[in-house]
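A.B. asks: Here it is: the structure, laid out below.
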Amino acid sequence: LLEHTHRELCDMLRMRGIVWREDATNDDIRYLRAFVRNDVMPVVERKNPRVMSSLSTTCDILSDEDAYLHAQASRALRDLSRRQSDGMCALDAGRLAAMEVVLARRVVRQAILLVCPAARLEARHVESVLRIVASGHGSVALPLAVDARVEYGLLFVRTHAEDVGLEGVWLEVP
């Protein structure tokens with residue numbers, strides 16, 4: 001649907017007799033997405049009328065590359081895995097440190113989500129784990145009582161969320 005404008009999508013829905021709901025925040029430029037859609041993109045489109053097509057094509061390419069990198073990271077996670085049980089996995093820290101950073105980030109993210117699927121990760125969390133992996137020792141606390149620790153040449157990722165009764169939730173944004 002990215003290759004279609006909002007107007008085109010509304011026209012298609014009307015032709016099919018489908019009723020839709022407009023979110024009032026779509027026009028509220030206090031929200032960054034609305035500001036970009038309503039104020040920034042019209043200026044960009046005047047300079048480059050094909051910008052939406054270019055962005056759509058770029059999104060398609062990035063989606064394909066994301067799927068490929070995800071598969072490569074999954075394979076690397078299996079290869080690096082030394083131990084795994086409920087709430088814990090251990091990876092070969094030396095081999096992880098030697099890996100290309102683009103793949104290492106994804107392996108770390110997948111390892112954390114393996115032990116705690118509800119973890120709300122940000123780039124800074126993954127980077128903090130990669131720092132201790134690179135140094136060969138240390139530990140970091142991550143969201144939802146997840147602990148990452150490097151010792152004995154292994155990266156241990158553990159969760160203690162069940163022990164303290166933590167649960168990840170999304171907060172509603174007005």
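A.B. asks: For segment 120-160, what class follows from the C-alpha gyration tensor (a ≥ b ≥ c being the square roots of its eigenvalues): rounded when a/c is under 1.5, otherwise prolate if a/b is larger than b/c, else oblate?
C.D. replies: oblate
A.B. asks: Any number yet on Rg/Rh for segment 39-127, C-alpha, Kirkwood?
C.D. replies: Ratio value, two decimals: 1.17.
A.B. asks: Another question, if that's okay. What accessible area per residue, rounded to a whole number of Å², is obtained for the chain using a probe radius of 1.4 Å?
C.D. replies: 69
A.B. asks: Let me ask something else about it. Once the cut-off is 16 Å, how many percent of the Cα-Cα pairs in segment 1-78 end up in the long-distance tail?
C.D. replies: Percentage above 16 Å: 68.
A.B. asks: Let me ask something else about it. How much of the accessible area of segment 47-174, in percent, comes from carbon and sulfur atoms when a 1.4 Å probe is used?
C.D. replies: Its accessible area is 55 percent carbon and sulfur atoms.
A.B. asks: Which residue, Ala73, Ala34, Ala97, has the most motion in a Gaussian network model of the chain that connects Cα atoms within less than 10 Å?
C.D. replies: Ala34
A.B. asks: Taking the chain as a Gaussian network, where each spring joins two C-alpha atoms under 10 Å apart, which residue of Pro42, Pro143, Pro117 fluctuates the most?
C.D. replies: Pro42
A.B. asks: With label points built 7 Å along Cα→Cβ from the Cα atoms of Ile18 and Leu69, find their separation and express it in nm.
C.D. replies: 3.1
A.B. asks: Let me check I've understood the local charge: for Val126, count other residues with C-beta under 13 angstrom from its C-beta, Lys and Arg +1, Asp and Glu -1. What total comes out?
C.D. replies: Around Val126, the surrounding residues sum to +4.
A.B. asks: Ok, one more. Could you give the size of the charge dipole of the chain about its Cα centre, using +1 on the Cβ of each K and R and -1 on the Cβ of each D and E, expressed in debye and rounded to the nearest 20?
C.D. replies: 340
A.B. asks: By how many nm would the segment from Asn38 to His4 grow when fully extended, if each residue of separation counts as 0.36 nm and the alpha-carbon distance is taken off?
C.D. replies: That pair, Asn38 and His4, stretches by 10.6 nm at full extension.
A.B. asks: I would also like to ask the following. Sum up the charges of everything whose Cβ sits under 15 Å from the Cβ of Arg30, counting Lys and Arg as +1 and Asp and Glu as -1, but leave Arg30 out.
C.D. replies: -2
A.B. asks: Then there is this: Just the Kirkwood number for the chain, please: inverse of mean 1/r across all distinct Cα pairs, in Å, one decimal.
C.D. replies: Mean inverse Cα-Cα distance, inverted, gives 19.5 Å.
The values are calculated or read from the model by the stated rules, or taken from the named source; none is laboratory data. As the structure is a prediction and not an experimental result, all values here were calculated from the model. All Cβ positions, even for glycine, are placed from backbone atoms using ideal geometry, and neighbour counts span all protein chains on display. To get the accessible areas, we keep the full protein, side chains included, count just its heavy atoms, and leave off ligands, DNA and RNA. Shrake-Rupley method; radii C 1.70, N 1.55, O 1.52, S 1.80 Å.
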